[in-house]
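Written below as structure tokens is the structure these notes are about.
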Amino acid sequence: MRLFVALDLPWPLRERLMQLSTGIPGCRWMPAENLHLTLRFIGEVPNWRAEEIDLALHAIKARNFPLTLSGVGLFEKGGRVTSLWAGIERCPQLDHLQSKVETALQRAGLEPERRRFTPHVTLARLDQPANEKVTRFLQGHSLFRAEPFEVEWFTLFSSQLGKEGSVYTPENDYSLS
Ligand code: 3AM
């Protein structure tokens with residue numbers, strides 16, 4: 001199974017994000033059902049490991065907290081824009097949850113994640129040099145700020161790569177209290 005841990009987003013928020021998702025030819029906008037905030041990418045694991053991961057995530061105790069999406073940005077690689085995303089307002093509780101997830105996964109036998117956590121919600125994947133349309137997207141949505149929402153659980157998703165893009169399936173939810 002190819003797995004990752006993420007926050008599910010409420011539907012009204014997804015709809016709001018979909019309103020941002022226009023205006024750049026040649027990029028693949030995420031469909032509303034794929035919008036999420038990744039806490040930790042896991043990758044391919046055998047079923048027995050997936051069960052251990054599930055147990056470790058169940059054991060996490062953390063509080064629910066409000067989260068606000070705000071601003072937009074991009075990731076670049078080799079001078080090409082690879083993704084456009086909505087940002088997150090500073091949220092120490094989110095960082096705390098992410099580090100609990102990281103610790104739990106290491107206890108379940110995964111190698112530590114070396115990359116720094118940069119919370120974001122991917123809106124589009126692309127592969128083109130920054131251009132006027134991308135600049136206009138960034139400028140046009142720089143003041144984007146969504147209604148806060150309460151994070152009450154996190155989710156283990158499986159991901160199937162398909163011709164039409166990935167299909168993400170929630171495998172289990174873990175409640176915060
Ligand atoms: O939340 P985003 O969209 O940034 O890019 C993939 C997506 O991140 C990322 O995991 C999330 C759910 O698919 N991802 C996919 N393959 C990856 C890899 N090999 C990866 N992250 C790190 N390493």
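The values are calculated or read from the model by the stated rules, or taken from the named source; none is laboratory data. Predicted model only: the values in this text are computed from it and were never measured. Cβ atoms come from the backbone with ideal geometry, glycine included; neighbour counts cover every protein chain shown. When the accessible area is computed, the model is the full protein with side chains, heavy atoms only, and any ligands, DNA or RNA have been set aside. Shrake-Rupley method; radii C 1.70, N 1.55, O 1.52, S 1.80 Å.
Might you work out the accessible area of R136 for me, using a 1.4 Å probe with all protein chains in place, and round it to the nearest 10 Å²?
The accessible area of R136 comes to roughly 140 Å².
With everything on Cα atoms, drop me the angle between helix 47-58 and the longest principal axis of the chain, reported from 0 to 90° to the nearest 10.
So the helix axis and the longest Cα principal axis differ by about 90 degrees.
Hey, what's the chain come to in accessible area per residue, 1.4 Å probe, Å²?
Averaged over the residues of the chain, the accessible area is 57 Å².
May I ask for the net charge around P10, where only other residues with Cβ less than 12 Å from the Cβ of P10 are counted and Lys, Arg are +1 while Asp, Glu are -1?
Surrounding charge for P10 is -3.
Expressed as a whole percent, how much of the Cα-Cα distance distribution for the chain exceeds 30 Å?
For the chain, the fraction of Cα-Cα distances above 30 Å is 19 percent.
Test of the criteria: in the stretch 107-174, which GluC sites (Glu not before Pro) are in a DSSP loop and have at most 11 other Cβ atoms within 10 angstrom of their Cβ?
Taking the stretch 107-174 and a limit of 11 other Cβ atoms within 10 Å, the loop GluC sites (Glu not before Pro) found are E164.
Work out the length of the dipole vector of the chain about its Cα centre, built from +1 on the beta-carbon of each Lys and Arg and -1 on the beta-carbon of each Asp and Glu, and round it to the nearest 20 debye.
Roughly 580 debye for the chain.
Any chance you could run the full-extension gain for E111 through A59? It's 0.36 nm times the residue separation minus the Cα-Cα distance, nm to one decimal.
Stretched fully, the E111-A59 segment lengthens by 16.8 nm.
Leaving ligands and nucleic acids out of the surface, order L123, L110 by accessible area at 1.4 Å, largest first.
From most exposed to least exposed: L110, L123.
I'd like the carbon and sulfur percentage of the solvent accessible area for the chain, probe radius 1.4 Å, heavy atoms only, ligands and nucleic acids excluded.
50 percent
Can you give me the relative contact order of the chain as a percent, contacts being Cα pairs under 8 Å and 6 or more apart?
34 percent
Which ³J(HN,Hα) values, rounded to whole Hz and listed in residue order, are derived for the stretch 154-169 from phi using the Karplus coefficients 6.51, -1.76 and 1.60 in 6.51 cos²θ - 1.76 cosθ + 1.60 with θ = phi - 60°, glycine and proline given as x?
10, 9, 9, 10, 9, 10, 10, 7, x, 4, 8, x, 7, 10, 9, 10
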